[in-house]
Structure formats: structure tokens, C-alpha cells
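Everything below concerns the one structure shown next.
The values are calculated or read from the model by the stated rules, or taken from the named source; none is laboratory data. Just so it is clear, the model here is predicted, and its values are computed rather than measured. When we count neighbours, we look across all protein chains shown, and the Cβ atoms used for this are built from the backbone with ideal geometry, even at glycine. The accessibility values were calculated without ligands, DNA or RNA, using every heavy atom of the protein model including side chains. Shrake-Rupley method; radii C 1.70, N 1.55, O 1.52, S 1.80 Å.
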Amino acid sequence: MNKKRRLTDSLVNIWMRGGLYILLSIPVFIGIGLYWKAAPLLNEHSLTELIFSSKWFPMRGEFGFLPFIFSSVYVTLLAFILSAPLCLFAAIYLTQFGKMRLLNFMLPVIDILAGIPSVVYGVWGILVIVPLVSDKIAPFFGTISSGYSLLAGGIVLAVMCIPYMLNMLIEVFNTIPVGMKEASLSLGATHWEMVKHVIIRKGFPGIISAFGLGIAKAFGETIAVLMVVGNTLNITLSPFKAGYPLPALIANNYGEMMSIPDYDSALMFAALLLFVVILIINLFFRYFIHKTEKI
Amino acid sequence: MKQMTFTYQPTLSAESVTMQNEIAMAEEIKDTSIISIKNLNVKTRDGAILKNINLEIPKNKIVVLLGPSGCGKTTLLKSLNRLTDLHKELKVSGQIIIDGQDIMKAGQNLSAMRQRMGLLSQRPFPLPASIYKNVAYGLKLKGIRSKKLIAHSVETNLKRVGLWNEVKDRLKSPATSLSIGQQQRLCLARGLAVKPTIILADEPTSALDPISTKIIENLFKELKQHYTIIMVTHVLRQALRLADHVVFMYYGEIIEQGHPDEILKNPKTTILKKYLIDGN
Ligand SMILES: Nc1ncnc2c1ncn2[C@@H]1O[C@H](COP(=O)(O)OP(=O)(O)OP(=O)(O)O)[C@@H](O)[C@H]1O
Ligand SMILES: [Mg+2]
């Protein structure tokens with residue numbers, strides 16, 4: 001009996017460990033695969049040239065990824081600026097100030113919003129946001145825009161990120177023990193002071209990680225952005241101009257124009273870049289959480 | 001050895017109050033109650049937690065709440081502080097008059113009112129900050145800016161609860177790094193630092209060793225001269241040692257109350273008799 005139990009125990013152990021290693025090896029294999037495919041490009045061009053050159057002429061064998069990287073970062077930051085404060089305040093309001101009924105009503109709504117496929121957000125962007133930018137927002141700022149712009153991409157991305165981040169933030173704030181809030185209030189804090197000193201303080205690692213995951217999601221989001229961002233090479237600070245983020249480059253061109261030498265590798269390099277950036281974002285925020293969690 | 005004297009607390013030196021004064025004071029406040037609770041009901045959707053509670057809390061006494069687990073002691077303490085506001089599922093009705101003011105109607109000055117009552121919760125919840133900042137927190141909320149004053153108060157109050165020697169070299173480390181018993185004393189020090197007039201203590205010694213328990217009990221006896229203490233305990237002998245007035249609760253109702261000698265030695269109701277027998 002005892003022997004059997006010990007055998008089961010070690011079998012389960014091996015099984016679980018095996019599963020873990022398989023899981024861990026997936027990103028490694030993806031990374032290796034992408035690198036292997038991008039290698040021809042990397043052999044001919046230096047990494048700095050690929051990343052910092054803005055000359056994108058695949059026919060001539062010039063692959064400068066800067067416009068794509070720039071667009072990706074621009075759209076992501078825009079989406080983050082538009083959505084993060086909104087999510088933070090909404091989550092605080094829903095969990096700390098609002099009626100319980102409101103929260104109970106909002107939770108399934110948020111879940112539904114999070115579950116809508118990104119193509120639908122893209123269509124909505126074309127129907128609503130693109131005209132809004134071209135007819136209202138751009139004229140308001142005294143410029144003209146087709147509407148297919150970095151701003152439209154940023155707004156659509158922001159809307160997509162909201163349910164995602166809001167969900168995580170509500171989760172974070174709801175796990176803060178009531179006793180801690182009671183302690184702060186009973187020592188004379190007002191409701192808002194309690195939120196500042198306890199909810200935000202204690203929830204800080206969680207807030208950071210929700211933001212980080214939101215950014216990573218926004219950076220990699222493809223279809224919805226591709227549909228509204230214009231897909232034109234541009235390095236411009238104006239949000240009303242079109243852009244061309246990395247995921248859109250891959251999605252638009254993969255499988256086509258394979259006659260151009262190295263084009264295949266260039267797209268693989270773009271994928272590798274995305275992969276590495278998202279990995280770095282995730283690792284950075286994990287590290288940050290670890291740093292701040294100790295208090 | 002732990003710190004057992006409290007002479008560095010200027011407002012509280014026991015020696016300054018003579019025996020005679022104490023007796024005179026006791027006579028004077030005999031009938032004055034600081035808190036009166038009238039028809040207090042606390043309900044959830046599933047039923048009542050507190051049923052029609054009527055209770056007078058005498059000033060500068062220790063009132064002990066007794067009763068089996070789940071009878072509503074903690075809920076009663078939290079209603080006094082209106083911390084029940086935080087639990088949206090609770091419906092509170094009735095009157096709680098503290099120092100002539102109905103706290104159910106306290107709007108703007110709710111936080112000032114709460115500051116007059118130090119709450120020591122059943123489980124310690126240090127704030128997410130250092131040991132030092134935990135004690136300084138209430139003072140800063142009061143608007144005290146002087147670093148010297150704050151430092152002095154932190155030291156005095158940590159000494160009063162017998163924690164100073166254990167933490168004086170690591171005041172900057174997170175309060176959560178303390179043991180539960182240490183956290184419990186830290187929370188008491190933190191509450192005392194804001195100089196409340198009423199102390200609500202929910203099983204304040206449940207995680208403490210005998211020595212620390214003794215320190216806290218002695219502290220409470222001292223504090224009684226200037227503070228009103230409402231305390232929950234499951235330790236009958238502690239109730240006998242400390243209480244001036246005992247309130248026995250059962251399923252959300254007050255069954256019996258009175259002087260500890262009466263209540264604990266000659267219980268009238270069978271419920272209390274059974275509770276006391278099972279407790280001993
Ligand atoms: N927020 C709440 N929502 C629903 N029910 C609650 C809530 N708070 C307390 N209760 C219920 O009210 C009753 C009294 O709880 P309370 O914590 O006041 O008991 P207690 O006398 O302090 O018990 P103990 O001695 O175990 O601490 C319990 O049955 C509890 O389940
Ligand atoms: Mg309790």
C-alpha cells in the first residue's frame with residue numbers, strides 16, 4: 001500500500017514537472033524559430049540598421065523598421081494614456097464608492113466587452129471612430145485627416161483595453177482586506193484618504209501589473225488597429241496622420257510578395273521584434289511588481 | 001524584560017490622580033453614560049445580525065461584551081464607529097448617541113468622530129507602510145506636522161503597549177514583517193496615538209502571550225481613568241479581572257447585563273448559565 005502511494009506520488013510529480021517544462025519550452029521554441037527564419041536578414045544587415053533606419057524599400061533590399069516601431073509605440077502609448085486613468089478611476093469608483101448593485105451590473109458587461117472579437121472593434125472603428133476623427137476631431141484642431149490615423153488606432157485600442165484592464169483592477173481592489181480599510185478609517189481618514197493610503201498603496205503592484213498587461217496586449221493587437229490606422233509609412237508626431245504598426249505589417253504582407261528576396265525574413269524579423277518587446281514588457285513589469293510587493 | 005511602567009506618558013501618570021480624586025470622580029460619573037444605543041438593528045438580506053439593541057455605556061469604565069461566536073459582538077463594535085458603512089450589504093437603523101451627538105447623522109465630521117474612537121480589530125491589520133508610519137498615520141491625518149512630536153508619540157505609544165524594545169531597531173521595516181501578536185500591539189499603539197476618548201477593542205489579547213496580555217490588561221486598567229473601553233473577550237477570567245460592566249449577547253440580542261460579579265457568578269438566564277458552565 002505504502003509503496004503504491006509513493007509510486008503514485010512520484011509519477012504525479014514527474015507528470016507535473018514534464019508539463020511545466022513543455023509549457024516553458026513553447027516560448028523558447030517560438031523565439032528560436034523566429035530567429036532562425038529572420039537569420040538571413042540579420043546576416044546582411046546590422047541590428048541597429050534594421051531598428052533605426054527609416055528606409056523601407058524591400059525591392060532594393062533596404063529594410064528599415066523604424067516607421068513600424070514608431071507607429072506601434074505611438075499607438076500603444078496613445079491607447080494607454082486614453083484608457084489607463086479611466087480604468088483606474090472607474091475601478092476605484094466601482095469598488096469603493098459605488099453601490100454594490102452597480103458593480104454587480106457592470107461585471108458581466110465588462111466580461112461581454114472583453115469577449116467581443118477584435119474584428120468587431122475594427123468594424124466599429126471604421127464606422128464610428130474614423131468618421132469622428134475626420135469630421136469632428138481633426139477640424140476641431142484645425143487640420144484635415146482622412147480619419148484613418150494613429151488617433152483612430154489609439155482610440156480603438158483604448159476601447160479594447162478598457163474591459164481587459166478594468167477587470168484586472170477590480171480584481172486587485174476587491175482583494176484588499178476590508179480590515180485594512182477599516183483601520184485607516186477608524187484612525188480618522190476620510191473615504192478618499194483611505195483610498196489613497198490603502199487601496200492605491202496596497203493595490204500598487206496589482207495596478208502596475210494590470211497596466212503592464214494592458215500595454216503588452218495593446219502592443220500586439222493586430223486586426224482592429226490594422227483596419228483603422230491607415231497603414232502608411234510615416235514618422236510623425238501628429239495623431240491625425242496614418243501609421244503602420246508592426247503587427248499590421250505582418251498581417252498585411254505575410255504570404256505575399258514572396259518573390260522579393262529577404263522579404264520573408266524581414267516579416268519574421270518583425271515578428272521576432274514583437275515577441276521580444278512583449279517579453280521585455282512582461283518581464284519588466286513582473287520585476288517591478290516584485291520590487292513593490294514587499295511593503 | 002518588557003517595559004512595564006508608563007510614567008513617560010504625561011497625560012496619563014497614574015500617580016497624579018490620587019485615590020480620593022478617583023473616588024470622587026467615580027461618584028460623579030456614576031450615572032453619566034458616554035454612549036447610548038437605542039433600538040439598534042443591523043440586518044442583511046438573510047436576516048438580522050443585531051436585534052433591537054438598547055445599551056448605555058458608562059464613561060471611563062471597561063465594558064466587556066461576552067457571547068458565543070457569531071452573536072454579533074464585532075458587528076456591534078463596528079456600528080459604534082460606523083464602519084458598517086463599508087459593508088454595503090448591511091442595513092443599519094436606530095440611534096447611537098455619543099457625547100450627545102447622533103453618529104448616524106454625522107455627515108461631514110464622520111472622520112473626526114471616528115478619530116475619537118480607537119478601534120482594535122479582531123485580527124490585526126497593519127497599514128501597508130512601515131512600523132513607524134503605522135503609528136504616525138493618525139497623527140498626520142490630524143494635521144500634526146512636527147517631526148519631533150510625532151517621533152515622541154510613536155516612541156511613547158510603542159512603549160505603552162510593550163513593543164518598543166522589540167521594534168526600536170527596525171521602525172522602518174514593513175509592519176507586516178511583525179508577528180501577529182506584535183501586530184496586535186502595534187495596532188493598539190496606533191489607535192492610542194490619536195488620543196481617542198473611547199477604545200473599541202475586539203479580543204485585544206487573543207494572539208498574545210501571558211506577559212504581553214498582562215501588559216495590555218494593566219494598560220487598560222490605567223487607560224480607564226481617561227478613556228471608556230468597550231472590549232470583546234472570550235476569556236471569562238479576563239472579563240472578571242477587567243470589567244466594570246458585562247454585557248452578554250446571544251444571537252444578536254442582549255440577554256443579560258450588569259456588574260461582573262452578578263453576571264458571572266449569579267447568572268439569571270439559563271442561556272448564560274449554560275455558556276458559563278461550558279466556558280469553564
Ligand atoms: N458583512 C456581513 N455580511 C453578512 N453577514 C455578516 C456580515 N458581518 C457579519 N455577519 C454575520 O453576523 C453574525 C455576527 O457576526 P460578528 O462578527 O459580529 O460575530 P462575533 O460575535 O464577533 O463572533 P466572534 O466571537 O466569532 O468574533 C455572524 O453570523 C456573521 O456571519
Ligand atoms: Mg468578532
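Key figures
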| read-out | value |
| --- | --- |
| Within the range A:162-182, tally of residues that are assigned to a helix (DSSP H, G or I) and touching a Lys or Arg at 6+ places or on another chain (Cβ under 8 Å) | 4 |
| The listed residue being among the hydroxyl-bearing types (Ser, Thr, Tyr), at pLDDT below 95, open to solvent by less than 40 Å² (accessible area, probe 1.4 Å) and over 28 Å from B:Ile103 (Cα atoms), out of A:Ser186, A:Ser146, A:Ser118 | A:Ser118 |
| Filtered residue count, the range B:114-128, keeping only those that are within 16 Å of ligand 2 (Cβ to nearest atom) and under 22 Å from B:Gly143 (Cβ atoms) | 1 |
| Residue list for the range A:194-204, filter: open to solvent by less than 50 Å² (accessible area, probe 1.4 Å) and either within 7 Å of chain B (Cβ to nearest Cβ) or basic (Lys, Arg) (or both) | A:Val198 |
| Tally, over the range A:154-180, of residues that are among the β-branched types (Val, Ile, Thr), under 18 Å from A:Leu78 (Cβ atoms) and open to solvent by 10 Å² or more (accessible area, probe 1.4 Å) | 3 |
| Number of the condition not met by B:Glu56 [criteria: (1) surrounded by fewer than 21 Cβ atoms within 10 Å (Cβ to Cβ); (2) within 16 Å of ligand 1 (Cβ to nearest atom); (3) closer than 26 Å to B:Arg237 by Cα] | (2) |
| B:Gly162 vs. criteria on the phi > 0 side of the Ramachandran plot, within 14 Å of another protein chain (Cβ to nearest Cβ) and open to solvent by less than 60 Å² (accessible area, probe 1.4 Å) | no |
| Candidate set: the range B:83-128, residues that are part of a loop (DSSP other than H, G, I, E, B), within 26 Å of B:Val161 (Cα to Cα) and touching a strand residue (DSSP E or B) at 6+ places or on another chain (Cβ under 9 Å); chosen: the one most open to solvent (accessible area, probe 1.4 Å) | B:Arg123 |
| All positions within the range A:215-227 that are open to solvent by less than 50 Å² (accessible area, probe 1.4 Å) and under 14 Å from the mean Cα position of the chain (by Cα) | A:Ile215, A:Ala216, A:Ala218, A:Phe219, A:Gly220, A:Glu221, A:Thr222, A:Ala224, A:Val225 |
| Residue satisfying condition, being of a type outside the set (A, V, I, L, M, F, W, C) and under 21 Å from the mean Cα position of the chain (by Cα), within set B:Pro210, B:Pro174 | B:Pro210 |
| Test: B:Leu208 is in contact (Cβ under 8 Å) with a residue 12 or more places away in the chain, in contact with a Gly (Cβ under 8 Å, 6 or more places away or on another chain) and either in a helix (DSSP H, G or I) or within 16 Å of ligand 2 (Cβ to nearest atom) (or both) | no |
| Filtered residues of the range B:219-242 (kept if under 25 Å from B:Ile34 (Cα atoms), open to solvent by 50 Å² or more (accessible area, probe 1.4 Å) and more than 16 Å from ligand 2 (Cβ to nearest atom)) | B:Lys221, B:Lys224, B:His226, B:Leu240, B:Arg241 |
| Selection count, the range B:77-113, where residues are under 17 Å from B:Ser33 (Cα atoms) and within 13 Å of ligand 2 (Cβ to nearest atom) | 1 |
| Close pairs from the range B:97-111: first in contact (Cβ under 8 Å) with a residue 24 or more places away in the chain, partner of a type outside the set (Phe, Trp, Tyr) and buried (at least 17 other Cβ atoms within 10 Å of the Cβ), Cβ under 6 Å, at least 6 apart | B:Ile98/B:Ile35; B:Ala106/B:Met113; B:Ser111/A:Gly188 |
| Per-region count, the range B:59-78, residues within 14 Å of another protein chain (Cβ to nearest Cβ) and either open to solvent by less than 10 Å² (accessible area, probe 1.4 Å) or more than 6 Å from ligand 1 (Cβ to nearest atom) (or both) | 2 |
| Residue ranges of strands (runs of 3 or more DSSP E) in the range B:32-71 with at least 1 members of a type in the set (D, E, K, R) and in contact with a Phe, Trp or Tyr (Cβ under 9 Å, 6 or more places away or on another chain) | B:47-58 |
| Residue within the range A:280-295 that is of a type in the set (Val, Ile, Thr), farther than 13 Å from A:Phe68 by Cα and without any contact (Cβ under 8 Å) to a residue 40 or more places away in the chain present | yes |
| Residue ID - surrounded by the fewest Cβ atoms within 10 Å (Cβ to Cβ), chosen from residues in the range A:228-264 that are among the aliphatic types (A, V, I, L, M) and assigned to a helix (DSSP H, G or I) | A:Ala251 |
| Subset of the range B:181-204 [open to solvent by less than 20 Å² (accessible area, probe 1.4 Å), within 16 Å of ligand 2 (Cβ to nearest atom) and not in a strand (DSSP E or B)] | B:Gln184, B:Cys187, B:Pro204 |
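Residue-by-condition table, conditions (1) within 14 Å of another protein chain (Cβ to nearest Cβ); (2) touching a strand residue (DSSP E or B) at 6+ places or on another chain (Cβ under 7 Å):
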position: A:Gly142; (1), (2): no, no
position: A:Ser149; (1), (2): no, yes
position: A:Ile155; (1), (2): no, no
position: A:Val159; (1), (2): no, no
position: A:Met165; (1), (2): no, no
position: A:Met168; (1), (2): no, no
position: A:Glu171; (1), (2): no, no
position: A:Lys181; (1), (2): yes, no
position: A:Leu185; (1), (2): yes, no
